[in-house]
Amino acid sequence: MGDGGRVAAGLRAYGLIAWMWTRSTMAYRASFAMTALASFAVTALDFVAILLMFSRVDALGGWPLAEIGVLYGLSGVAFGLADLAVGSMERLGQRVRDGTLDTLLVRPAPVLAQLGADRFAPRRIGRVAQGALVLGWSLAAVDVAWTPAKVLLVPVALAGGAVIFGAVFVAGASFQFLAQDAAEVQNAFTYGGTTLLQYPPAVFAAELVRGVTFVLPLAFVNWVPASYLLGRPYPLDLPPWAAFASPLVAAVCCALAGLAWRAGLRSYRSTGS
């Protein structure tokens, strides 16, 4: 089977497993509604903290509230989509420790697809909805000279950002093949990364901004596209076309995450239990 066939098989397996978990969840619709609402409310507390900051200041790093809302919304929606799709990858370390990963290896479906869809949780849509609500309000509140390029940039940035975060989830899971109790390390780059991106680059040290741009390129989730939308200087004086580089950066991240995943899977040794 060629690469295209393996990808198609993986997507099909992922869809079937995710649909199974979705049907299971929807059997208890009231429970789903309450957990989705809880997810919405918990993530909304992050923006409440930002609102409390702005009760004391007019701008943060030179960015007013509505512009911070754009950063928050882009990051929140992108991360929420990635968490919905492959957030279960963070449990790989537990599977390696207790030996249940072996059951996935003997099934006729790609292990990555099985892990990504494992315990697929539709309730996580609450995080996506909350981020989208803030993003919609912020884009309506900011003073932007809208052009076709800027309108197109919003969905491009959201899709690219979701894939970038998804690649970070996969790369973090790959690390857990070696360090089996490293879920919190992975969370530092996923959940910690989206919290970092809620604030403008001007409030961070230049070394951190370089790392988030060139080493772990989370800046392309929202800092760079938002700078173009809002007419602000790019972080690290990047070229103008960098605002539309999210898909390219996402492709590179996926390729590197794929290499890390294959290396991690080859290094796996069963517990024998």
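Laboratory data are not the source of any read-out in this text; all were calculated from the coordinates shown. Treat the numbers as computed from the prediction; the structure is a model and nothing was measured. Virtual Cβ from ideal backbone geometry, glycine too; neighbours counted across all protein chains shown.
Side notes on the structure shown:
- For region 156-170 versus region 202-273, the inter-centroid distance based on Cα atoms is 9 Å.
- Per-residue Cβ neighbour rank within 10 angstrom, fewest leading, ASP118, ASP181: ASP181, ASP118
- Hz values of 3J(HN,Hα) by residue in region 209-219 - Karplus curve (6.51, -1.76, 1.60), Gly and Pro given as x: 4, 4, x, 6, 9, 10, 9, 10, x, 5, 4
- Among SER55, SER24, SER246: highest mean-square fluctuation, GNM of the chain, C-alpha pairs under 10 Å: SER55
- For ALA188 and ASP143, the FRET efficiency from 1/(1 + (r/R0)^6), where r spans their Cβ atoms and R0 equals 25 Å, is about 0.10.
- The chain - percent relative contact order, Cα under 8 Å, separation 6 or more: 27
- Taking the longest Cα principal axis of the chain as reference, the axis of helix 246-267 is set at about 30 degrees.
- Just checking the listed ones, PHE54, PHE165, PHE244: in the Gaussian network model of the chain with Cα springs under 10 Å, the one fluctuating most is PHE54.
- Computed from Cα atoms, the angle from the helix 183-196 axis to the main principal axis of the chain rounds to 20 degrees.
- J(HN,Hα) series, region 147-159, from Karplus relation 6.51 cos²θ - 1.76 cosθ + 1.60, nearest Hz, glycine and proline x: 10, x, 5, 6, 5, 5, 5, 4, x, 5, 5, 5, 5
- Label-to-label distance for CYS254 and ALA38 is 3.4 nm, based on points extended 7 Å past Cα in the beta-carbon direction.
- Backbone phi angles across region 41-54, fed through the Karplus curve with coefficients 6.51, -1.76 and 1.60 (θ = phi - 60°), yield HN-Hα couplings of 5, 5, 5, 5, 4, 4, 6, 4, 4, 5, 4, 5, 4, 6 Hz in residue order; Gly and Pro are listed as x.
- GNM result for the chain, Cα springs below 10 Å: residue of THR190, THR22, THR103 fluctuating most strongly: THR103
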